[in-house]
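Here the structure comes first, spelled out in structure tokens, and everything after it is commentary.
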Amino acid sequence: MAEVSGPPASSARRKAERRRGFDWAGLRADLRGAIPDASLALVITLLIYWLLYVRVENGTSATTQIMPMLADADKYWMYWMCQAFGWSAMLWAYVTVIFGLLRSGPRPAQGRLSAARLEKWHRTTSLTTIGLMFMHALFFFTDQLRSNQESWSFGRSLWTAFVDVWVPGGYATGTGRVAIFIGLLAFYLAIPLGLAYYLRHRTGPRMWLALHRFVIVVYILSAWHTILYSSQAWYDGPFRTLLWALQLPIAGLLLLRLLVPARPAERLRLRGTGRPGRVALPVSARLAGRIAVVAAFLGMVAVIASGVDGGRSAHAHSTPPWPEKWVIWAGLLAFTVAIVAVVHRLRIRTEPPAGAAVPEERPAAPAETP
């Protein structure tokens, strides 16, 4: 009997350990699954770098019109590699958001893209996106370090480059004092919100799902950083308008996902209480979210139709960057308060009353990953 009862106890202990800690096994599996995805991203990054290099060499680069000192593509190769990683990171962020919205929104009943496959692609492309964002910042750091050493000692150059590139709000000049600030917030928020999936055994799947929904803010900040600071889209023109137009599918899928979510518990019920304790936000907040997405979608349509998209004019004085840093800090504070409120609401709804009997945990039925 002792020999028979040993393995189940060991299995139960391993499951308990997994619930208590970080899902390293799942992360390693997803990292292995992301190898083809990341390899493709590197190939595309090199192709983008080649395109940028060629445009610098033949004098058609929009960047060199703004910063003529960068016309030596060989000398400033780290800057151009930073640009290449930035564009591939934006592309992968776009793709992973689409996978996530397709996974959590309505899908055709007989579609070839199953929920499990979309979920896997969403996780692997999310990891690749974080890696590309890091490489984008790293090459910007190395280029800043190289540039600073032309005037300062190595120690001062290293510290200044570190503050400019890695400290939110540290970059203090030009449009970068806002744009780089926004880009850094996107990167630093992407790490905990993107990796929260691997803590689902500790937090519970409902808490993880509630936190993961905030990851759309990372994409919004990334797109804002690109449109505000990209020298390739600095001036008004077809390319900048295209960047705006590409945001419409994201907004449309987000609206569809909010209106017809895949999970019944997330559907908006204006009448009846539904199932208490199954949602992280009250009806009013979820309704406000839908209205905000509709307003954003209509706003982008108006921007594209009017051509007034915030781009600079090559023959006019550029307006100062907006918003000021204090507005961004205030927005970050509001965002943090929203996350804390959702977590607090979920904890209250899921914790049993004092003295209540805790139901025995039942093994979950086989199902696709939430």
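Values quoted throughout were computed directly from the atomic coordinates according to the rules given, and no laboratory measurement underlies them. Because the structure is predicted, anything quoted here is derived from the model rather than measured. Methodologically, a virtual Cβ is constructed for each residue, glycine included, from the backbone with ideal geometry; neighbour enumeration extends over all protein chains shown.
Using the Karplus relation 6.51 cos²θ - 1.76 cosθ + 1.60 with θ = phi - 60°, the per-residue 3J(HN,Hα) values for the range 30-38 come to 6, 5, 5, x, 8, 4, x, 5, 5 Hz, with x marking Gly and Pro. What the phi angles of the range 209-225 give under the Karplus curve with 6.51, -1.76 and 1.60, with θ = phi - 60°, is a coupling list of 4, 5, 5, 5, 5, 6, 5, 4, 5, 4, 5, 4, 5, 5, 5, 4, 4 Hz, glycine and proline written as x. Normalised by 2.2 N^0.38 Å, with N the number of residues, the alpha-carbon radius of gyration of the range 94-190 equals 1.51.
Around Gly311, under 9 Å between beta carbons, what's the net of Lys plus Arg minus Asp minus Glu among the other residues? Before the final figure, lay out the partial values.
Working: positive: Arg240, Arg312; negative: Asp236, Asp309.
With Lys, Arg at +1 and Asp, Glu at -1, the neighbours total 0.
Length gain on complete extension for the stretch Thr336 to Glu150, per 0.36 nm per residue less the alpha carbon to alpha carbon distance? Let's see the in-between values first.
Working: separation 186, 0.36 × 186 = 66.96 nm, distance 4.01 nm.
Residue separation times 0.36 nm, minus the Cα-Cα distance, leaves 62.9 nm.
Note on Val301 and Val260: the model spin-label points, each 7 Å out from Cα along the C-beta direction, lie 1.8 nm apart. 3J(HN,Hα) along the range 115-122, derived from phi through the Karplus expression 6.51 cos²θ - 1.76 cosθ + 1.60 where θ = phi - 60°, amounts to 4, 5, 5, 4, 4, 5, 4, 5 Hz, with x in place of Gly and Pro.
Backbone amide hydrogens, once placed in the peptide plane, bring Arg312 within less than 5 Å of Tyr235, Asp236, excluding anything fewer than 5 places away on its chain. Packing order of peptides 135-147, 246-258, highest average first: 135-147, 246-258 (average count of other Cβ atoms within 10 Å over each peptide's residues).
An oblate overall shape is assigned to the range 164-253, the ratio a/c of its alpha-carbon gyration tensor axes (a ≥ b ≥ c) being 1.5 or greater and a/b not exceeding b/c. Note on Ser114 and Ser39: the model spin-label points, each 7 Å out from Cα along the C-beta direction, lie 2.4 nm apart.
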